[in-house]
Structure formats: structure tokens, C-alpha cells
Amino acid sequence: MSTEEISQLIGVANNQILAKTGKVLGDIQECILEQALQGSKLKDIRVIGYADSTIQRVFCPELWELLSNATGQKVRVNTVQLVLQKLLKESNPDSLKKEDSFSAFLAPPSSSPPSPQPSNLPSPQSSKRVLHNLPAPSCTSFIGRKEEVARLMELLSPNHAAHLISIDGIGGVGKTTLVVEAAYRCLRTSYGDGAFLDVPTFEAIIFTSAKESYLTPFGVLKSLAPRRTLNDIFRQIARTLDDLDITGASFVEQVDLIKDSRSHQRTLLIVDNLETVENQQDVLAFLYELPPTVKTVITTREQIMFVPVRLTSLPQPDALHLIQYEAQEKGVTLSPEDSQALYKGTGGVPVAISYAIGQLANGFPIEEVLERMSQTTGDVARFCFESSVKPLREQAAHKLLMALALFPMPARREALVQVAVPDAEPDVVKNALARLRGLSLVRHEENRYGILPLTREYALAELVAHPDFEREARDRWIGWYLSFSEKYRGQDAQGWQAQFEGLEEEWLNLQAVIDFCVVEGRCAALLDLWRNTKAYTHIMGSRKSRLGHWDDRLIWTASLIQTAEQRGDWSILAEIVVDRGETLTAMGKPAQLEEADSLFLKAWDLRQYQDRFFEMNLSKHLAILRIQQKRFDEAQSWLNQTLGLLEDTELPEEKRLRCLTQIRYYQAEICFKQEAYERAKVLFAEALNYAQTIDWRRAIFSIQNWLADIAIVQGELDSAHKLLTEGLYVAQVNQDKVRIAFCQYSLASLARAHGNLAEARQWAIEAFNNFEVLGMLPEAEEIRTLILTLDTALSGGS
């Protein structure tokens, strides 16, 4: 199946889902569907960044269920193509017509009916020749940009008042391709071709370009005859209209003749690459004074005050589609990993994609092609950025652009200014940012500034080329985030009351700072950043996933431990070792538990460098580890030692009750796992009383979950149902996926106890999905066993 046919079927799926849910497929879902339509088996479907088991057990079943509900037919990996093809045929019997094709233009026979037009405007007849000088399309298939095309067609309509329209964006983003595609659609419709709906018609289409160069797989080619002056534009108009009277007249007469001739015919005038036109103000004045029968579209890298169509890089699905199409056209074989690498390297900029595939077709290895993408002296950089950036060097705008490259996500204005130009006057900053926006080098949304991925690669190369500024900017970058993150230090990582407002939106930028400190050995800054964000990363393991935030914790603590050992900072070493051991214990794999064991014993040897509370906390963590290892007698011994240390330590009452809550909680858990349910019930009740006294809500509902499990074992099912229903609701309100998953696990046990095996299986699957997304793999494996048991029971034991 061709890429275009696959694209059509994905479009059918999106239409069905949109009609049913008001939403469309996400990037992961489109990636899975595309592979299924290519004929991939379930076991062969891959999505970079996700485990195969997650794709096969979570994302694929969710997608098939979504498509089944949207289409009203049972959809699976082996039926999805047939279902969508049937729907496509039903909705459009002529579905083989490729709407987005740049097929060669042929005037239809004179019997073709004319396109309807408002009565007050001239309408071209199918028997008349439409005057035009459009260039040959740069590609054989137009991919993506559906919203932008629709917007441009709306603006070109005679019913829309705008007669000056701008298409802006960085070099190579596809401005010329878009306007030429739109012009060809208008041309075909002007001849009566009904392939495109709601497309305006014209009697003349005139194209003039001031483009000085083109990026090809062979490098940057200079334009032989750029139309850079107003006289050049006049000549193009005269030649296209075959009007010798215009060429032989004076300048003023030419203006009048053009205005007069165009007032009687609907005309589309395209001025490509306005930023390289000489005497722009004269050109803009001429375009502004043209009669309303003329629609003018200007392409430019600079944002100007006309009705705009703004282009940025292609979204990932469209960019990957273009990569696959270009590769097929040029005979290049790409793996899914290669396609993803090209998307990341090109940033979804169409000209960079075409250039990269062309380089691959010319025999260059993909690693070399990707390296060229970010070189400031490379073809892509020179074509897309050099003419825009060169005039900015040594100015505040250039420093802001280079500093912005340090932020992987859009930067807050105050952070960007502090890093780039901390001493600049407000007006200087305002004008510099406006200049960058005007050149389409940065994007502004609310109080944040961002750049396209390819622009960022170029700006990073610029940063490296200015080492003195880079050193100073990175120091300010680290300093700003140290100050920003300090207010989050000391939050309660085990409760629901922690306040992290503003941190999640800034997390990827802050993470980049921490990673830089790890690589560059900025130990003092790394230690402070780790302490500032420790509670946040722990809580995110409960709300989102342990696989991301906790993997980061392990990377950072490994670096900190190495540094502390080298410097002999034993107090700091003990602090970090315990945190790392706590993380590994919670992750729960055998190798992780083994490393945690070694770390906690090392910390025990270092306890004299810390206070009594540290020792008490460490003995508690050793008990938790022993519970995970099912060494219950040792766990009980460590908890008794923790209790003894607590009795000998003077603490604030709330802190003392929190420690008592934890001690009784883990003592009760040991009893439950040893099937001493009555003793567990007493201990959990005692822990619950302590937690309620200090209003420790997360602990309260966690304990109630255990009490529900005991009630299920003892046959008190109504009591269990009440506790679990309330617990699930509160966990959902607090977005605590860990507590949600455990409640769902217990609800599966409750439904099983009631004999409702189908309901039990549904709860178990929901719990399994949450455990797997969270990265709680031992728990996921445990509940998978329950699902298999339920499947066997539901099938009659066969």
C-alpha cells in the first residue's frame, strides 16, 4: 500500500473518531495505525521511546477499541485495513482521485461547466485560456498543511475583504510550495475542474520571485534572474498578460495601465521572497493600491502587517509522511529509527527533509547527513538562517537567539532576558525580541519564547562559535534556575499537599540545566538543584511514571555519590546514598533491591556523620527493603529498632506521629503478608489513628486500602466496597496514579470475591495498565498473573 493510500485511510479514521469523540488520533496512535496499514504484525509494531510490551498490551488495544467504537465494527490489527477501506469507498466512491496531487495541468474540454462566481465579478469560462506563468511544482505530491491551505483559500475567496495576504516563516519552511500549490488548485478550478471544493477562480495568475538561491541535494544554487525591483514585477505582469502597452510606457503610466487592466479581471498576484526585494516600501505601496479584483499573496521571512498565514515546521506525523514519501521517490530505504532521526535532525522543516533525503540518495551515510544539519557553514544553515542572522550579530537580538538555544522548551521572558542580556535596557530588549519575531526566528506565546528545532541547532552552533558569551550565559542560566527552584525545596514527598505550581511547566528546561551540571561536573550547583527538586521527582513517580523522573534521580545521584566519595564529604554521601536506595527499593526489581541493600549498609556505616533522625529514617528504609525481599523477621527487627530510636529522639509532635504512623503501617503490612489478618487489622487501625490526628491524607487512604483488603479476606465485602470506592475517588481527585492502581487491584479482588469474574478482569486490566505506565513492573507482573487466572476461569478452565 502506498504512503498516499495509507494517508487517506488515516484520514478516514480521524474523521470517524472526530465525529464520535470530537478528538483525533494522537501521534502514537497514528504511528501504530500507519504500521498496521503497512502490514506489520502486532509483535513487529514499534514506537520509539516505549517498551514493546507497552505498545502491544496498552496502546494497541486502546487504539483498536477506539476505532471499533468510532466505526461500529470490530477492529483489530488484521482487520483495520479492510474496515477503513470499506468506509473510504462508502464515503467517496471516487476515492482513487488524489486530492493533494500536483499532477500535470491540462485544460478540460469546453463542455466542462464553469465554476460558480458572484454575479458582480467576472467569471472565467472553460473555453477561455487562463493567463499564468506559474513555475513548475517543486514536488509531485503536496503533503500536510491542510489547515493552512484551507485558510489561504478562504482569504483568496472574493467573499473575503483581504486583498493583501502574507505567508511568513523561516527559510525552507514551505512558503513558496504552499502558495504554488494553492495557485495550481485555483488554476484547475478556473478551468472548471471540480477536484477541489471551495477554491476561488481567477482569469490571470502572475508569479514573480525575488528568491536569490535554492537549496537542492547538490547544494545551494543561485537564482539566475531574481525579480528584485518594482520594474521587474511590472515586466512579469506585462509578459504574463502579453500586454506590450505596459512595457513601452513610463513608470507612472505602467502603474495606471496595470491598475486599469486588472480592475476588469480577477487576478492572483504572487510576490515571492519579499525580504530580498529592493525598495520594499515602493513595492508595498503599489500592491496596496491595486484594485479589489486583485488578490496579492506575499511570501516573506519577516512578519508584516497584512492578513497572515504563519508557517512553522511540519507536525511529526506529516513530517514522517514527507520523509517516507521523499525516500520512496528517491529510492532510499529507511528504517523507522532512521525516519525518527531525520525528523529530529531536520526539525520537520520541509526543505531540510528534501535536502537530507537527497544527500542519502547521493550515497552519504545518515550520520554525516545529520551532522551537516546543524553546521553553521552547512548548506541548510546558510539557506535557512544565514541571511536573517548575519545582520543581527553583535546585537542584543543575536545574544537572545543564542541564549534561547539553551532552553529545550519555550523560555519564560524573564529567564531568557536574565541569561542573555541581564543589563540591557527594557526598550532594547523589547525591540530585539520584536526583531526576532519579525524574522520568524522565534515564536512568542503569552510570556514565553521558543524556536523551531532546526533553528535551535543553528543557534547552538552560533553559541559554540562565541565561547566567551556561552560561558557567561550558562553561568547565568544555572543561577536563574537555582533561584527559581529553591522555593520547592523541603516539600512533603509523601503527601498530597505539596505545592509545585509553575515547576511542571518549567521542568524540561530545569532538567536540561541539571543534566548540564552532571556532564560538566558542576557539583555544588547539582547538589542544590537535586535537593530543590527531590520531592517533585519523587511525587511525579506517583502521578505520572517512575520510568522518566526516577531514572533521572538515579543518574543524578550516581554523579553526586561519585563526587562526594572523591571529596570525602561523608555527611552528603550518606544523604544521597539513602535517597538512591529509597528510589531503588520502590522500583523493586531484584537487581535494584540488591543495589539498595548495599547502599543502605554503606549508609549505616556512615550514620555517625548524620543526626539521630537520619539513623531512625535509615533503619525504617532497611525495614521496607526487607519487606520487599520477603525477609519479614529482619524487617520486624529493623522496625523495632526504629521505634527505639524514636523513643530516644526529641521531635516535634507532628513529626513524631508521622514516624509512628509509618512504623505501625509497615508492621501491619508484615502481618498481612504473613496472613495474620487480625493482628494486621489492629496495627493498621493504630496507624490510621495517628494519620488522622495529623491529617496525613495520603497515608489515611493507603491504610484504608489495606483495611479493605483485610475485609475482603474476612468476607466483609460491603465494608471493603465503601472503603475502596471512596479511596479511588480521592486518588483520582489528587491525580495519584499509584493509589488509583492499588485501588483498582483491590476492586478486582472484591469483584472476584463477589463471583463477578468479568468485572474483576476489567478492574485488573485497568490496574495493570496503570502499573505498567507508572513503571511499577513487579506489581504489573503480579496482577498479570491474576488476569491469566481470571481468563482461565472465564473460559471454563480449558
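The values are calculated or read from the model by the stated rules, or taken from the named source; none is laboratory data. Computed from a predicted structure; not experimentally measured. We place every Cβ from the backbone using ideal geometry, glycine too, and count neighbours over all the protein chains shown. Keep in mind that these areas ignore ligands, DNA and RNA; they rest on the heavy atoms of the full protein, side chains included. Shrake-Rupley method; radii C 1.70, N 1.55, O 1.52, S 1.80 Å.
The table below lists the values:
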{"quantity": "Separation between Cα centres of the stretch 343-375 and the stretch 730-774, rounded to whole Å", "calculated": "47 Å"}
{"quantity": "C-alpha center-to-center spacing [the stretch 458-517, the stretch 775-798] in angstrom", "calculated": "43 Å"}
{"quantity": "Sequence-separation-based contact order of the chain, relative, with Cα cut under 8 Å and 6+ spacing, percent", "calculated": "7 percent"}
{"quantity": "The stretch 226-343 - charge dipole about Cα centre, Lys and Arg +1 at Cβ, Asp and Glu -1, debye rounded to 20", "calculated": "180 debye"}
{"quantity": "Ellipticity estimate at 222 nm from DSSP helix runs (n ≥ 4, -39,500 (n - 2.57)) divided over the chain, nearest 500", "calculated": "-19500 deg cm²/dmol"}
{"quantity": "Cα gyration tensor shape of the stretch 612-706, rounded if a/c is under 1.5, else prolate or oblate by comparing a/b with b/c", "calculated": "oblate"}
{"quantity": "Label corresponding to P(r) over Cα pairs in 10 Å bins from 0, in percent when calculated from the structure given, among (1) 2, 11, 17, 19, 18, 14, 10, 6, 3, 1, 0; (2) 2, 10, 13, 13, 13, 12, 11, 9, 7, 5, 3, 1, 0, 0; (3) 2, 9, 15, 18, 18, 18, 13, 5, 1, 0", "calculated": "(1)"}
{"quantity": "Total charge dipole magnitude, the chain, about the Cα centre, Cβ charges on Lys, Arg, Asp, Glu only, Debye to nearest 20", "calculated": "1080 debye"}
{"quantity": "Shape of the stretch 401-532, Cα gyration tensor, a/c cut at 1.5", "calculated": "prolate"}
{"quantity": "Protein accessible area in the chain, 1.4 Å probe - carbon and sulfur %", "calculated": "50 percent"}
{"quantity": "Accessible area per residue in Å² at 1.4 Å probe, computed on the stretch 518-627", "calculated": "39 Å²"}
{"quantity": "Cross-link reach list, aspartates and glutamates versus LYS399, counting only Cα pairs under 13 Å and skipping chain neighbours closer than eight places", "calculated": "ASP423, GLU462, ASP468, GLU470, GLU472"}
{"quantity": "The stretch 231-260 and the stretch 409-457: distance between their alpha carbon centers, rounded to Å", "calculated": "43 Å"}
{"quantity": "Net charge of Cβ neighbours under 15 Å - reference HIS163; Lys, Arg +1; Asp, Glu -1", "calculated": "+2"}
{"quantity": "Nearest-ten-degree value, helix 653-673 long axis tilted from longest Cα axis of the chain", "calculated": "80 degrees"}
{"quantity": "Nearest-20 debye value, the stretch 421-573 charge dipole, Cβ charges on Lys, Arg, Asp, Glu", "calculated": "360 debye"}
{"quantity": "Accessible solvent surface per residue of the stretch 133-216, calculated while the other protein chains remain in place, 1.4 angstrom probe, Å²", "calculated": "32 Å²"}
{"quantity": "Local electrostatic count at GLU394 - Lys and Arg +1, Asp and Glu -1, tallied over other residues with Cβ under 13 Å", "calculated": "+1"}
{"quantity": "Heavy-atom accessible area per residue - the stretch 225-361, 1.4 Å, Å²", "calculated": "42 Å²"}
{"quantity": "Proximal charge balance of GLY72 [Cβ under 15 Å; K/R count +1, D/E count -1]", "calculated": "+2"}
{"quantity": "Greater than 32 Å apart at Cα, pairs in LYS602/LYS630; LYS43/LYS673; LYS390/LYS544; LYS41/LYS630; LYS175/LYS390", "calculated": "LYS43/LYS673; LYS390/LYS544; LYS41/LYS630"}
